[in-house]
1. Taking only the stretch 17-34 into account, find how many residues are under 9 Å from the mean Cα position of the chain (by Cα) and aromatic (Phe, Trp, Tyr).
2. Mind checking which pairs have a first residue in the stretch 17-34 that is of a type outside the set (S, T, N, Q) and a second that is modelled with pLDDT under 95 and not in a helix (DSSP H, G or I), Cβ under 6 Å, 6 or more apart or different chains?
3. Those residues that are among the polar types (S, T, N, Q) and modelled with pLDDT under 55, I need them from the stretch 9-65; list them, please.
Amino acid sequence: MSATFDGKEKAFENRIKVMQWWLDQVRQGWQEANYSYLELVGMYWREFEKVFHDKYSSRHDTDNL
């Protein structure tokens, strides 16, 4: 995920993959916990915003995140 080693485009793509993996893990853990009286309606991750405030922010890779 380093722009120095992978280039900016590849580093950006890798960050998206890692964040999607993390979100999938959280959703899976939530579903497996089978909470009776709670509903997961969303997730908020402040640091997430930083990734998209670069020159690639005009891309629509975030539509599913």
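1. Counting residues in the stretch 17-34 that are under 9 Å from the mean Cα position of the chain (by Cα) and aromatic (Phe, Trp, Tyr) gives 2.
2. TRP30/LEU40
3. Passing the criteria: SER57, SER58, THR62, ASN64.
The values are calculated or read from the model by the stated rules, or taken from the named source; none is laboratory data. Since the structure is predicted, the reported quantities are computational estimates derived from the model, not experimental observations. For neighbour counting, all protein chains shown are included, and Cβ atoms are generated from backbone atoms with ideal geometry for every residue, glycine included.
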